[in-house]
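The block underneath contains the structure these notes are about, expressed in structure tokens.
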Amino acid sequence: MSGYSSRNNGAGRPSPLLPFLLGVLVVLSLTLLWRFGLPGWHGSGNDAAAEPRPITPRAELTDLEKTNIQIYKKARASVVHITSVDLASLGFRFNVQEIPKGTGSGFIWDEKGHVVTNFHVIQGGQAARVSLADGSSYRARYVGGAPERDLAVLKIDAPASALKPIPVGTSDDLEVGQVVYAIGNPFGLDQTLTTGVISALGREIRSVVEGQTIQNVIQTDAAINPGNSGGPLLDSSGRLIGVNTAIYSPSGSSAGIGFAIPVDEVNRVVPQLIRSGKIIRPSLGIQVATDQLAEQFGVQGVMILRVLPGTPAEQAGLRPTVRDAEGRILLGDIILGINGKEIKRVRDLFAVMEKVDPSKPVRLKLLRGERLIELEVDLSGSNS
């Protein structure tokens, strides 16, 4: 008697329709629950008399908040959005298309339409477009640039009523810890305000020109991101104290270490770019300490840190600051005067040197150790 075999007609094997039917049942159940809900889920919380909640009165704004708001409202009209573009011909006569290449920030320098930004913002572009805070946009002309200082000047033909020059401050009296404000267009987001403090002074960063550095740069923890370059760094009075130029970040985004070119350097370079398109000045061939560093050594004047080889300063015998074999710092020459004009700060040195005739030697009054001496320096061939 053979009986029933497990292989007979597939007896004992699950029907292939069973998983399908179970799936249909689950879907149907979920659909019904979604449509009609669980008991007590729908229809039990409605209130026909519901009204918006009353507004809790806001406390008076703090003095810091009022300052932030005031600075932003006052400065935003001076800040611009800059788009560097390439020009591409469409194959038709006089038909040229602008192709965006990069973006950055800038600010209005004067009522003639001059706009200041970083050189690297417009570097490599064939043209640029400047957008004002009111949304108007203008084709810009390149006026001049100083790649070694990462500064450039553009010009737009906008009505004077639309041009709000930014108030200019000074950077020689800045202190670590004071509050600063950065306004720009990070990641293409127009008119963005960030706040922070001055983290350090006298930093040195690389310029866009290989092998050259920008000295006495301001370091800040105000968030500076791609697109902020060329925008203003302001003090608590809303005055320009620097031009945001770079960040230190492995990721490319703000890491709390941003740098700005000090306004005293900007205020020295920009007029030259407007006048001649480039920096034209005689050079002694020295690197000097910041005023803050000089004060730490009790120096009243401009302290020479380095004397560059092959320069008028080296030929005249100027002495740099050095360390001795035991690591002690031996101060170099201290510049106290040029051509009879007193030199107390770095900006005094720059201001006098800008007006010097490079075809004539200059006479330096120096403090060397404890002695006052005078040296004549021939600047021929030092133009830069």
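Just to be sure before I move on: is Gly277 more than 30 Å from Leu154 (Cα to Cα) and out of contact with any Cys (no Cβ under 8 Å at 6 or more places or on another chain) in the structure I sent?
Details: more than 30 Å from Leu154 (Cα to Cα): no; out of contact with any Cys (no Cβ under 8 Å at 6 or more places or on another chain): yes.
Taking the combined requirement at face value, the residue does not satisfy it.
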When you scan segment 207-217, do you find a residue that is among the small types (Gly, Ala, Ser), assigned to a strand (DSSP E or B) and touching a strand residue (DSSP E or B) at 6+ places or on another chain (Cβ under 8 Å), even just one? no
Check every one of the strands (runs of 3 or more DSSP E) wholly within segment 137-191 and list those with 2 or more residues that are closer than 21 Å to Ile224 by Cα. 151-155, 179-184
Cβ pairs under 8 Å, 6+ apart, first in segment 72-85 and in the same structural domain as Ser136 (by TED's automatic domain parsing) and of a type in the set (Val, Ile, Thr), second assigned to a helix (DSSP H, G or I) and crowded, with 21+ Cβ neighbours inside 10 Å: Ile82/Val121; Ile82/Ile122
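Among the residues of segment 349-373, what is the count of those that are of a type in the set (Asp, Glu) and modelled with pLDDT of 90 or more?
Step one: filter segment 349-373 for residues of a type in the set (Asp, Glu), giving 354, 357, 370.
Right, trim to modelled with pLDDT of 90 or more and you get 370.
So the count comes out to 1.
May I ask you to say which residue of Ile198, Ile274 is part of a strand (DSSP E or B) and at pLDDT 95 or above? First the steps, then the outcome.
Values: Ile274 fails: part of a strand (DSSP E or B).
Every option except Ile198 fails the conditions.
With under 32 Å from the mean Cα position of the chain (by Cα), over 24 Å from Val176 (Cβ atoms) and either surrounded by fewer than 17 Cβ atoms within 10 Å (Cβ to Cβ) or not β-branched (Val, Ile, Thr) (or both) as the only criterion, which of Ala294, Ala313, Ala351 stands out? Reasoning before the result, please.
Numbers: Ala294 fails: over 24 Å from Val176 (Cβ atoms); Ala313 fails: under 32 Å from the mean Cα position of the chain (by Cα).
Going through Ala294, Ala313, Ala351 in turn, the sole match is Ala351.
The values are calculated or read from the model by the stated rules, or taken from the named source; none is laboratory data. Worth saying up front: this structure is predicted, and the values here are computed from it rather than measured. Note that each Cβ is placed from the backbone with ideal geometry, even for glycine, and that neighbours are counted across all protein chains shown.
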